[in-house]
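Read the structure below first, then the notes.
The values are calculated or read from the model by the stated rules, or taken from the named source; none is laboratory data. Quick caveat, the model's predicted, so the values are computed rather than measured. Cβ sites come from the backbone with ideal geometry, for glycine too, and all protein chains shown count toward neighbours. Only protein heavy atoms, including side chains, enter the accessible area calculation; ligands, DNA and RNA are left aside. Shrake-Rupley method; radii C 1.70, N 1.55, O 1.52, S 1.80 Å.
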Amino acid sequence: MKKLFFLIGIICSLHVQAKVELPAFFSDGMVLQQQTKCRIWGWTKPGQKVIAHTTWDKKSHRSTAHKDGYFEVTVQTPEAGGPYDIIFQDGDVVKLSNILIGEVWICSGQSNMEMQMKGFKQQPVEGTTEELLRCKDDQLRLFTVKRHASLTPEKDVTGQWNEANAASVRDFSACAYYFGRALRQTLGVPVGLIATSWGGSACEAWMKADWLKAFPKVKQTITEEDVKNLQQRCPTALYNGQLKPLIGYGIRGAIWYQGEDNIPRYDYYAPLMARMVEGWRAEWKQGDFPFYYCQISPYDYSLIGWKDSQLLREQQMKAEELIPNARMAVLMDAGLEYGIHPRKKRQAGERLALLALANTYEVKGLPDFAKYKDVAFQNDTCVISFDRSKEWVYFEHGPSSKNFEVAGQDRMFHPASKVWYSRNRVYVVSDKVKQPAAVRYAWRDWVEGDLMHDGLPVSSFRTDDWDSQPIKAQSKGDYNNPQ
């Protein structure tokens, strides 16, 4: 019996004197945000004193673990560079090596953000083979958070940092990779990407319960059974499992590609998304960090029993006005009629990078997305003007377009019989509408967007605010990730 107690005592002693434990994202090969105060946290014996040595400035940072073993230090990072080390001591030593200092971005959303460079089964990403042959870059680091839905907030995630090479890029988000590659090529500094996404996930799943109180249509009482059955569609479940553990990691900003799952609930998506971003920013405590997002691409939603996804695209366009320091990348020319997962992920990632480079990093000379401004009716002609259109608008495939329709006061829409452009105006006429009251562009699920500005597409839009019928929601099935 004495021998048994002795063994138990040794085991307990080993547990108490365990090395510093760190979340998975604080590890060898990580990227820390440059020129900022970065928080680094972990766990050790309660009351234990911890010293963290940073080799870039040869300084020591001290902390004392709380009653639950949690400790935290704040380190000042230098200009981009590396590799460096951080050495933790609490009576034992833990060393993190090959650390780079550069630009760090969170990459989140549903399947079109999650979709790896290798694609989904029978759903390829365009250009993957060519990209894998040239993607090797030890200054681009990738971290993928493993899927995890949780009823309560987690402390850690599962994942690891990898340098960009054919093996790691193949299994990483294609959209996020192309975003990071563009930053690397333009800025010439190390870039770290943390991808936390899940196909088919609802916007509500990435939000804290308190933030959802303003939306009475969202279920508030969540149980373990809800998490088990709804998983990525369960309100708060991905915030708890895949986002909360990351909050506090020093970042420059976030990119987001989500919305397909919210099509049946389009009517409050803009304020919902705005509240999500507000919540993320409040918890990160880094002010209004940049938030760039993709508008969902055109697709024939009748194939899954839905319709009118243009109403969700409209909500995403409205969200730009509600969210400070946020911009939307338009993908009207990069959809796939028969597939909800477009192959053109390079366009998605690079257009997000355009927004970041122009607005966050103030790189000059980059194009911008023109945006519908207003309409004037001159007899039978609709005259549409645009913001951010100093290079003037045009049609991609010729002098006219078949994507416009016109209605009078009867609200019956007819295809335009004549469409042309001049400078930053588009002129639309329908021979069936003598006194137009509204005009719409690309106002349907599947469309090949052809209205362009400076090489970039213009979002679908309508000049009216006439009510539309709510979209019938699907009760089950994950259309966004068939794996």
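Rolling a 1.4 Å probe over the protein heavy atoms gives the range 258-405 an accessible area of 39 Å² per residue. Helical runs assigned H by DSSP (4 residues or longer) give the chain a calculated mean residue ellipticity at 222 nm of -5500 deg cm²/dmol, each run adding -39500 (n - 2.57) before division by the residue total. Solvent-accessible area assigned to carbon and sulfur over the chain amounts to 49 percent, based on a 1.4 Å probe.
In order along the range 221-228, the Karplus-derived 3J(HN,Hα) couplings, from 6.51 cos²θ - 1.76 cosθ + 1.60 at θ = phi - 60°, round to 8, 10, 10, 4, 5, 4, 4, 5 Hz, and Gly and Pro are given as x.
Residues in the range 161-246 average 35 Å² of solvent-accessible surface per residue, probe 1.4 Å, ligands and nucleic acids excluded.
Computed from phi, the 3J(HN,Hα) profile of the range 46-57 under the Karplus parametrisation 6.51, -1.76, 1.60 (θ = phi - 60°) reads x, x, 6, 7, 10, 10, 10, 9, 10, 7, 6, 10 Hz, with x in place of Gly and Pro. Highest-first packing order for the peptide set 137-147, 97-107, 232-242 is 232-242, 97-107, 137-147, based on the mean count of other beta carbon atoms within 10 Å.
Extension gain for Lys146-Gln435 works out to 98.4 nm (0.36 nm per residue, less the C-alpha to C-alpha distance). Taking the DSSP bridge list for the chain and keeping only pairs wholly inside it, about 70 percent are antiparallel.
Each of (1) 25.1, 100; (2) 20.8, 66; (3) 44.1, 190 is a candidate for Rg and Dmax of the Cα atoms in Å; the one calculated from this structure is (1). Using r as the Cβ-Cβ distance of Leu132 and Met412, and R0 as 56 Å, what FRET efficiency do you calculate, to the nearest 0.05? Calculated transfer efficiency: 0.65. For Lys19, the aspartates and glutamates whose Cα falls under 12 Å of its own Cα, not counting residues fewer than eight places away in the same chain, are Asp90, Asp92. Evaluating 6.51 cos²θ - 1.76 cosθ + 1.60 at θ = phi - 60° for every residue in the range 141-157, the Karplus couplings come out as 10, 10, 9, 10, 7, 5, 3, 6, 9, 9, 6, 10, x, 8, 9, 8, 10 Hz, glycine and proline recorded as x. Residue ranges 248-255, 328-335, 292-299, 40-47 sort as 292-299, 328-335, 248-255, 40-47 when ordered by packing (mean number of other C-beta atoms within 10 Å per residue, highest first). Taking a ≥ b ≥ c as the square roots of the Cα gyration tensor eigenvalues, with a/c under 1.5 meaning rounded and otherwise prolate when a/b beats b/c, else oblate, which class fits the range 209-248? Since a/c reaches 1.5 but b/c is at least a/b, the shape of the range 209-248 is classed as oblate. When the C-alpha to C-alpha distance is required to be over 24 Å, the pairs from Lys219/Lys244; Lys49/Lys95; Lys58/Lys155; Lys208/Lys285; Lys217/Lys318; Lys121/Lys344 that qualify are Lys58/Lys155.
For Ala329, nonlocal amide neighbours, meaning residues 5 or more places apart or on other chains whose placed amide H falls under 5 Å from its own, are Tyr293, Cys294, Gln295. The count of lysine pairs in the range 348-432 that are at least 8 places apart or cross chains, and whose C-alpha atoms lie under 29 Å apart, stands at 15. Taking every protein chain into account, the accessible area of the range 35-126 amounts to 45 square angstrom per residue (probe 1.4 Å). Protection proxy ranking, highest mean first, for peptides 158-164, 281-287: 158-164, 281-287, where packing is the per-residue count of other beta-carbon atoms within 10 Å, averaged.
Extension gain, Asp28 to Lys285, is 90.0 nm, computed as 0.36 nm per intervening residue step minus the present C-alpha separation.
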